[in-house]
Amino acid sequence: MDDNHKRALSTSLLIIEKDLRNIAGELQRAGGTRDTIFYSKVNDIDQMKATRILSGVQSMLQEIKRVKEEAELGTRKESIEKEVYSLLIEIWTLLEDLRPERLTAYGPLTEKDKELLRPQIQGLLRMVNDMLSALR
């Protein structure tokens, strides 16, 4: 198999592995409901279904490992620093778009709304910038 085919195979299987591990993580978390700020996750998969899916996930992971070994695909090293940096840049971009000056693209904001949002968004941007500075 040439390098282009190996790269395509490796990249796709990497994404599939990450998705399978996310599925397993969700199913293995204990408790019925997890609340966050903007959403609540409810475990609405009964134990029989979860067991069946987890079994399928494990089988797929074993098969992916076998393909990796037989096709002699390498192992990538992924930088946590780069991942955190990318996520912080994504957050920074979203916050920049939430500045009152930019939100007017969706229609006019009242002065009261601008006064409410501006310091909060600026504060969040400062926090993200502090985290970004820690990575530099």
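Every number in this text was worked out from the coordinates using simple rules, so none of it is lab data. The structure displayed is predicted, hence computed values, not measured ones. Please note: Cβ atoms are built from the backbone with ideal geometry, for glycine as well, and neighbour counts cover all protein chains shown.
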Go through the range 1-20 and count every residue that is out of contact with any helix residue (DSSP H, G or I) (no Cβ under 8 Å at 6 or more places or on another chain) and in a helix (DSSP H, G or I).
-> 12
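Across the range 1-14, what is the total count of residues that are without any contact (Cβ under 8 Å) to a residue 12 or more places away in the chain and either in contact with a strand residue (DSSP E or B) (Cβ under 7 Å, 6 or more places away or on another chain) or surrounded by 10 or more Cβ atoms within 10 Å (Cβ to Cβ) (or both)? I'd like the intermediate steps shown before the answer.
Within the range 1-14, the first condition is being without any contact (Cβ under 8 Å) to a residue 12 or more places away in the chain, and the residues that meet it are 2-5, 7-8, 11-12.
Keeping just the survivors that are either in contact with a strand residue (DSSP E or B) (Cβ under 7 Å, 6 or more places away or on another chain) or surrounded by 10 or more Cβ atoms within 10 Å (Cβ to Cβ) (or both) gives 5, 7-8, 11-12.
Number of matching residues: 5.
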Index of the failed condition, Asp97 passing every other in (1) in a helix (DSSP H, G or I); (2) closer than 30 Å to Lys6 by Cα = (2)
Close pairs from the range 64-82: first in contact (Cβ under 8 Å) with a residue 12 or more places away in the chain, partner surrounded by 12 or more Cβ atoms within 10 Å (Cβ to Cβ) and in a helix (DSSP H, G or I), Cβ under 6 Å, at least 6 apart = Ile64/Leu13; Ile64/Glu17; Leu73/Lys6; Leu73/Ser10
